1. In straight Cα distance, which lysines are under 27 Å from K67, not counting same-chain residues fewer than 8 positions off?
2. Which trypsin sites (Lys or Arg not before Pro) from segment 29-85 combine a DSSP loop assignment with at most 10 other Cβ atoms within 10 Å?
3. Pull out a ≥ b ≥ c, the square roots of the eigenvalues of the alpha-carbon gyration tensor of the chain, then state rounded if a/c is under 1.5, prolate if not and a/b is larger than b/c, and oblate in the remaining case.
4. Return the distance in nm (one decimal) between the two label points of a simple spin-label model at K79 and N59, each offset 7 Å from Cα along Cα→Cβ.
5. Assigning unit charges at the beta carbon (Lys, Arg +1; Asp, Glu -1) and nothing else, what dipole magnitude in debye, to the nearest 20, does segment 1-79 show about its Cα centre?
6. How high is the relative contact order of the chain, in percent, with contacts defined as C-alpha pairs under 8 Å that are six or more residues apart?
Amino acid sequence: MPSVLGTVAKQLRSHPALIPLFIFIGGGAAMSMMYLSRLALKNPDVSWDRKNNPEPWNNLAPNQQYKLFTVNMDYTKLKKDRPDF
């Protein structure tokens, strides 16, 4: 029984127009997995350690940027506007 990768390689050799399709689909899947891992590791809404840090969003500094992309926002000029818990 032939392997899946062997069958895909055989199809790509006989149909070279499929190569860009595989490149873009693979690149899109890789970028989406990188973005999901960034969200899981950097987002303050996600709590991996509930015992030692049950509310990680309270530990953010007011000038700490956690968004991936911001438009017209300077985080260095923000002041603290919330109470300490």
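1. In chain and number order, the partners are K42, K51, K77, K79, K80.
2. R50, K51, K67, K79, K80
3. Note, shape of the chain comes out oblate.
4. 2.7 nm
5. Details: 9 positive and 4 negative charges, 23 e Å.
My answer is approximately 120 debye.
6. Working: 32 pairs, mean separation 14.4, N = 85.
Dividing the mean separation by the residue count of the chain yields 17 percent.
Values in this text are rule-based calculations from the coordinates and carry no lab data. It should be emphasised that the depicted structure is a prediction, and the values quoted were computed from it without experimental measurement. Cβ atoms come from the backbone with ideal geometry, glycine included; neighbour counts cover every protein chain shown.
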